[in-house]
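Q: This is the structure I want to talk about, given as structure tokens.
The values are calculated or read from the model by the stated rules, or taken from the named source; none is laboratory data. Here the structure is a predicted model, which is why all the values come from computation and not from measurement. For neighbour counting, all protein chains shown are included, and Cβ atoms are generated from backbone atoms with ideal geometry for every residue, glycine included.
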Amino acid sequence: MYPIIALSISGLLTLFLGFLDNKKLVFPISILFLVIALGVSFVDWNAPGLYFSEMMAINNETIIFGAIILVSAILILCLSEGFNDIEFSQPAEYFALVQLSLVGALMMISFENLLMLFLGIEILSIGLYVLTGADKRNLRGNEAAIKYFLMGAFATGILLFGIAMFYGAVGSFNIHVSVIDDTYMPFFWIGCTLILIGLTFKISAAPFHFWSPDVYEGAPTIFTAYMATVVKTAGFVAIFKVLYSSFSTITEFWTPMIVIMVGASLIIGNVFAVTQDSFKRLMAYSSVSHAGFMLLALLGDNENALGTIMFYSVAYSLATITAFGVLMKVSKHRIEKGRPYEKNDLFEGLIKNNGFLTGVLAIALLSLAGIPLTAGFWGKFFVFRDAAASGNFVLIVIAVLMSAVAVYYYFKPIILSMKKTEGVETVILSPLVKLILALTTCGTIVLGIFPNLIRSIF
């Protein structure tokens, strides 16, 4: 509750910072606002409550996921160093949009009413549409923003229609109200299907993933990292709450849909990633694949599913932020046609002059591939364990086979970076960027060795 209020106020205040003559103050003040929002979120620890006419619920679980979202945003914005890597005329506008979009993300994890879910998705999405096209000089970014907006609008319409069907079946928007009269069950089934389609679009799960490769590639890298982590975490919590609260009585209906999405996401994400020569498109299809893994967690034991999603979100966010952070810093040292070069061969020979960046990139990609002694390994292990407990062995076999495919395309940038050729000139990193990359990498390793540090929370 408190971080939502804090970010709503700070977002508006950040807009007024744009009138300052010294634009450099916008960056530290914006980071301070996010740290304050993170700090006040723990005021409600062990003090659960309902707010806004019982349309939102705050408890320890929502606080933890909110902290994951806020920490991810802080790490990503610190890598931006005030958006100095792109010539923004008004950086305050973009910091404000990030803060206000975080309000939507926090609403998506704490809603108790489907109308509040809809508002949260819209607040988050509108900010992302603008941020995707933030670099106005980039025609590909403009195209990505339009595509994201149009497809997102259709997905929102489908979601809203699903909410209307849910209301028609149960007579309430409260997610804990179950259908009573069998006469309205068809509306209930339709509502479940449409709501699931609308939400899985946001997490780029197949077959609703078509927007992600173009949007990931066209958006400024800093905002690509933001949508790949913050949006995914918020989206999966929303899906979990809807399925296990609103539609807990018809698990036999939505389970086959989740099974199809898991299989499609794993196969499409990994197979298409193999052929990508653009690192951002590779990461986009990787995101589709990881959506499949996280959806697989929903098919496991209900009591463990939220804990598994929490751990997987942390592991995925740490590795993704690291990978995009390295790409952002290295790509601006190779400009082609006026744009940063972002293909896989950008990393060729990176180790020669940039050993630190090579190391953190390798660890991040190894974690995404699920190699032991990284957080990503335990994330997949917990998913497999929960899925095995519920008897989803066919999906586990598919997931294991696709994980082997993933090793191939994740190792491509690593092998290129290790080549003994003339590589990228020495990249000068600020102390803050070095600290952020070191923290995310250490987090990946520490959780890979001691997974119960956070897994035991749930």
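Q: Could you check segment 172-192 and list, in sequence order, the residues that are of a type in the set (Asp, Glu) and in contact (Cβ under 8 Å) with a residue 40 or more places away in the chain?
A: Matches in segment 172-192: none.
Q: Is at least one residue of segment 15-26 under 26 Å from Leu318 (Cα atoms), touching a helix residue (DSSP H, G or I) at 6+ places or on another chain (Cβ under 6 Å) and not aliphatic (A, V, I, L, M)?
A: No; the residues of segment 15-26 include none that is under 26 Å from Leu318 (Cα atoms), touching a helix residue (DSSP H, G or I) at 6+ places or on another chain (Cβ under 6 Å) and not aliphatic (A, V, I, L, M).
Q: Kindly indicate the residue of segment 233-253 that is aromatic (Phe, Trp, Tyr) and not in a loop (DSSP other than H, G, I, E, B) and also farthest from Ser172 (Cα to Cα) among those meeting that condition.
A: Phe236
Q: Next question. Identify, by number, the condition in (1) modelled with pLDDT of 95 or more; (2) buried (at least 23 other Cβ atoms within 10 Å of the Cβ) that Ile267 doesn't meet.
A: (2)
Q: Also, quick follow-up: With the requirement that a residue be part of a helix (DSSP H, G or I) and farther than 13 Å from Val271 by Cα, what does segment 400-428 give you?
A: Those that are part of a helix (DSSP H, G or I) and farther than 13 Å from Val271 by Cα: Val400, Phe411, Lys412, Pro413, Ile414, Ile415, Leu416, Ser417, Met418.
Q: Only one residue in Ile445, Ile363, Ile396 is surrounded by fewer than 18 Cβ atoms within 10 Å (Cβ to Cβ), outside any loop (DSSP other than H, G, I, E, B) and in contact with a Ser or Thr (Cβ under 8 Å, 6 or more places away or on another chain), so which one is that?
A: Only one candidate qualifies: Ile445.
Q: So which residues in segment 181-232 are surrounded by fewer than 22 Cβ atoms within 10 Å (Cβ to Cβ), over 30 Å from Arg339 (Cβ atoms) and of a type outside the set (Ser, Thr, Tyr), if there are any at all?
A: Selection gives Asp181, Asp182, Met185, Pro186, Phe187, Trp189, Ile190, Leu194, Ile197, Pro207.
Q: Could you pull out the residue among Leu102, Leu50, Leu32 that is in contact (Cβ under 8 Å) with a residue 12 or more places away in the chain and within 23 Å of Ser317 (Cα to Cα)?
A: Exactly one residue qualifies, and that residue is Leu102.
Q: So which pairs qualify, if the first residue must be in segment 150-171 and more than 14 Å from Tyr184 (Cβ to Cβ), the second must be of a type in the set (Phe, Trp, Tyr) and buried (at least 17 other Cβ atoms within 10 Å of the Cβ), the Cβ gap must be under 6 Å, and the two must be at least 6 apart or on different chains?
A: Listed by first residue and then by second, the contacts come to Met151/Trp211; Ala155/Phe201.
Q: Say we look at segment 128-170 and pick out the residues that are out of contact with any Phe, Trp or Tyr (no Cβ under 9 Å at 6 or more places or on another chain) and in a loop (DSSP other than H, G, I, E, B); which of these is surrounded by the fewest Cβ atoms within 10 Å (Cβ to Cβ)?
A: Arg137
Q: Restricting the search to segment 99-151, which residues are more than 15 Å from the chain's Cα centre (by Cα), farther than 29 Å from Tyr244 by Cβ and among the polar types (S, T, N, Q)?
A: Gln99, Asn138, Asn142
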